[in-house]
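Below is one structure, written out as structure tokens, with a few remarks after it.
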Amino acid sequence: VQLQASGGGLVQAGGSLRVSCAASGFIFKFVTVDWYRQAPGKQRELVALITSGGSTNYTDPVKGRFTISRDNVRRVLYLQMNSLKPDDTAVYYCHFGRSGTDYWGQGTQLTSPA
């Protein structure tokens with residue numbers, strides 16, 4: 001199983017960024033996949049998830065600003081982030097769980113200064 005996140009960077013507050021996660025080693029289209037983030041000094045938190053059927057859910061602070069999507073043909077998970085805030089600064093991780101095991105990407109850093 002491999003999850004390879006990419007696309008992080010430095011974006012001024014109010015800007016936009018899309019991060020991606022390339023998946024391999026499992027049947028991507030059949031699983032719920034999600035994005036977590038971890039800010040300095042804070043616990044890792046769930047940001048958004050998308051089910052195999054395309055249903056989505058978001059943590060309240062990002063609702064209306066972030067959009068999670070997936071390309072089952074290319075086996076890629078996306079997170080489009082708009083109207084970025086300094087509080088969005090964190091390392092973003094793609095993730096999925098199977099049979100009690102958690103699989104994580106290596107993380108990609110987003111920095112959004114005021």
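The values are calculated or read from the model by the stated rules, or taken from the named source; none is laboratory data. This is a predicted model, so every value here is computed, not measured. No Cβ is skipped: glycine too gets one built from the backbone with ideal geometry, and neighbour counts run over all protein chains shown. Keep in mind that these areas ignore ligands, DNA and RNA; they rest on the heavy atoms of the full protein, side chains included. Shrake-Rupley method; radii C 1.70, N 1.55, O 1.52, S 1.80 Å.
Comparing Val73, Ala5, Ser20 along the charge dipole axis of the chain, the residue lying farthest to the positive side is Val73, per the Cβ-charge model. With only Cα atoms counted, region 50-108 has Rg and Dmax values of 12.6, 36 Å. Most simply put, the chain has about 95% antiparallel DSSP beta bridges, counting only bridges with both residues inside it. For region 65-114, with all protein chains in place and a probe radius of 1.4 Å, 47% of the accessible heavy-atom surface sits on carbon or sulfur.
Between Ile50, Ile27, Ile68, the Gaussian network model of the chain with springs among Cα atoms under 10 angstrom shows the greatest mean-square fluctuation at Ile27. Taken about its Cα centre, the chain carries a charge dipole of roughly 200 debye when the Cβ of each Lys and Arg holds +1 and the Cβ of each Asp and Glu holds -1.
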